[in-house]
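What follows is a single structure, written as structure tokens, with notes after it.
Every read-out reported here was derived from the displayed coordinates using simple, explicitly stated rules and does not represent laboratory data. The shown structure was predicted, so the numbers you read here are calculated from the model rather than taken from an experiment. As a convention, Cβ positions derive from the backbone with ideal geometry for all residues, glycine included, and neighbour counts pool all protein chains shown.
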Amino acid sequence: MTKPHFWTRFFLCLLFAFLLVGGQARVPSMAQTAATPPPPPEIQEYPVTLDGEVLFEVRQGIGSFTPEERAAAIQHRILQVAEDEDIPVESITIKRVGDRENVSVVQGNRPLVTITRADVGDRLESQEEVAVELTQRIRAAISRYRQDRVPQTLLKNTILAILTTVLTLILCSVILRISAKVFPPVSRWGGERIPPLRLQNFEIISQETVEHWLLRIFQFTRLILLLFVLYLYLTFVFNLFPWTRTFGKNFLNHFLGSLEFILTSIGNYLPNLVAIALISAITYYILKGMRAIFSAIESERLLIPGFYTDWAKPTYNLLQILIIALAAVVVFPYLPGFDSPAFRGISVFLGILFSLGSTSAIANVVGGVILIYTRSFQQGDLIQIGDVQGIVVQKTLLVTRICRPNNQIVTIPNSSLLNSNVTNLSVAIRELDRPLILQTTITLGYDVPWREVYAAMIEAGRRTEGVLAEPSPFVWQTALNDFHISYQLNVYTRDWPRVPCIMSELHENLQDACNEAGIEIMSPSYLALRDGNTSTIPNNYLGDDYFPPGFRIILPK
């Protein structure tokens with residue numbers, strides 16, 4: 001039995017021989033290179049035209065005239081003769097001039113074209129035969145030039161162009177009307193006949209998609225037909241008039257040349273296009289896999305210790321930007337014109353513009369990222385920043401928007417938030433499962449018993465809607481001032497979106513409870529000549545038998 005190593009060595013030897021023979025076939029020897037003559041230089045030809053029709057080409061110059069200047073001079077002389085209708089075409093003849101070695105085509109005594117021996121070259125015809133042929137061409141071209149500019153001919157061609165335009169418009173309208181009625185039922189018929197593509201219970205290509213693409217194919221075919229009709233119309237109309245005949249004759253050549261250039265460019269660019277498509281596909285599926293992972297984290301179907309669910313979406317967005325930027329860097333060398341000076345200049349300009357104008361924006365982006373991962377607050381939280389208190393309605397990488405209780409939206413740059421103290425009134429309820437403590441302070445004089453003050457303030461807290469009964473409200477004496485005592489009422493609540501309303505109602509109940517207990521709120525200091533003055537408590541709390549006390553005069557005993 002043959003050993004496996006034999007086949008391995010055999011294929012290796014075969015591959016080496018193939019490379020060796022191929023290399024020898026592709027690389028010529030020094031002798032062959034030296035023996036191969038260089039290709040002859042290409043001779044430039046300059047055409048002489050009249051009304052867009054090429055009469056002949058000029059390859060050689062005469063005297064100090066280059067071939068291009070000679071062709072331009074000949075064309076100018078022929079055009080002068082063609083524009084002068086008083087000159088008969090029969091006056092264009094042949095005669096020898098100078099040393100009789102050259103033959104010229106002349107009009108009267110005016111030379112039009114001089115044929116030298118260099119113009120004839122290796123051709124079998126003589127100079128006279130070439131001159132006779134050129135004379136016939138020039139005469140025929142001048143006759144057509146003049147005939148095309150006769151008023152009767154121009155009028156006939158104008159009427160023909162108008163009729164052609166009307167017929168073309170009617171034809172295009174008929175095509176559009178018929179296709180609009182035929183294409184939809186044919187597309188539905190094709191969609192019913194072509195089965196949908198399914199993978200188990202998942203429908204990859206539905207019947208509606210098949211009908212849609214069939215309709216698009218029919219519409220594309222109609223567009224090609226209309227463009228073909230338009231091409232025939234333009235070619236015919238342009239050929240009717242001498243001023244547009246050149247474009248009419250070269251219309252198809254221009255179109256086919258442009259189409260060939262486009263197809264050749266696409267063919268040459270196809271390897272780069274494949275690389276771009278491959279990079280794009282890899283990037284797409286990486287992002288798709290990441291989206292599935294972070295969606296599972298956000299919905300708590302996937303738990304990662306130390307990674308919070310509210311980090312899932314911003315982390316995915318950041319990674320998405322980084323991956324797309326990396327893919328763009330890899331794709332850029334495959335783009336057309338990547339190495340061009342214009343592309344480099346635009347890249348440098350955009351880089352400088354971005355560097356100069358994005359300093360504050362980058363600071364805000366960095367601040368937004370830090371705020372996300374420090375978890376200072378989330379969208380929907382009630383926060384306090386300086387004198388601004390409200391609910392976070394939008395949190396982006398650049399700014400944070402806060403809705404105040406009066407529905408005013410305050411926009412704060414994220415870079416400013418990093419330099420400010422942020423008080424979050426919601427995080428304790430949401431994450432620590434602890435109720436929020438609301439505090440308010442009143443100041444009363446030393447003459448008011450503090451136990452009565454405690455009872456009145458706690459009763460005010462219990463009356464307030466949204467305040468928890470358990471834990472119950474409590475009061476602290478926060479300061480013993482010169483003229484008064486500071487009493488701080490503390491109440492518990494979990495209804496943090498209604499904090500402004502709760503505080504307002506709490507203040508209302510504080511006034512009612514103190515007035516019912518006969519406590520005057522004199523804050524921060526109050527100096528009154530009590531004798532003869534009415535109490536500051538509202539009348540509905542004083543009773544009907546209340547009478548302001550008079551001045552107390554104490555006589556010495």
Report task. Could you work out how far the C-alpha centroid of region 111-152 sits from that of region 434-452, in angstrom? Result -> 119
Query raised in the report: What is the magnitude of the charge dipole of region 158-243 about its Cα centre, with +1 placed on the Cβ of each Lys and Arg, -1 on the Cβ of each Asp and Glu, and no other charges, expressed in debye to the nearest 20?
Result: 120
Report task. Express in whole angstrom the spacing between the alpha-carbon centres of region 269-320 and region 174-198. Result -> 40
Query raised in the report: Can you give the percent of C-alpha pairs in region 46-148 whose distance is more than 24 Å?
Result: 17
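Per-residue counts of other Cβ atoms within 10 Å, averaged by peptide: what ranking do you get for 296-306, 320-330, highest first? All intermediate terms of the calculation are to be shown ahead of the outcome.
Working: 296-306: 11.1, 320-330: 12.6.
Top to bottom by mean Cβ count within 10 Å: 320-330, 296-306.
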Query - Under Karplus coefficients 6.51, -1.76 and 1.60, residue-wise ³J(HN,Hα) of region 310-326 in Hz, glycine/proline x - result: 6, 7, 4, 5, x, 5, 4, 5, 5, 5, 4, 5, 5, 5, 5, 5, 5
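Which value, in debye to the nearest 20, describes the size of the charge dipole of region 190-337 about its Cα centre when Lys and Arg Cβ atoms bear +1, Asp and Glu Cβ atoms bear -1, and nothing else is charged? Walk me through the numbers on the way to the answer.
Working: 10 positive and 8 negative charges, 86 e Å.
Magnitude of the dipole: close to 420 debye.
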Query raised in the report: By count of other Cβ within 10 Å, fewest leading, how are VAL150, VAL106 ordered?
Result: VAL150, VAL106
Report task. Could you tell me the largest-minus-smallest coordinate of the C-alpha atoms of region 435-542 on each of the three principal axes, in descending order and whole angstroms? Result -> 47, 31, 22
Query raised in the report: Out of residues 5 or more away from LEU50 or on other chains, whose amide H comes under 5 Å of its own, with H placed 1.01 Å from N in the peptide plane?
Result: LEU55
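Over region 361-429, what lengths in whole Å, largest first, do the semi-axes of the equivalent ellipsoid take, defined as the square roots of 5 times the eigenvalues of the alpha-carbon gyration tensor? If you can, show how the numbers build up before the last one.
On the way: eigenvalues 64, 36, 21 Å².
Square roots of five times the eigenvalues give 18, 13, 10 Å.
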Query - Largest-first principal axis extents of the Cα set of region 158-243 (Å) - result: 67, 23, 12
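With an 8 Å cut-off on Cα pairs and a minimum separation of 6 or more residues, tell me the relative contact order of region 435-542 in percent. Mind showing how you got there, number by number?
Numbers: 161 pairs, mean separation 37.3, N = 108.
RCO, region 435-542: 35 percent.
Can you work out the FRET efficiency for the pair THR153 and SER126, with r the C-beta to C-beta distance and R0 = 41 Å, to the nearest 0.05?
Efficiency at R0 = 41 Å is approximately 0.60.
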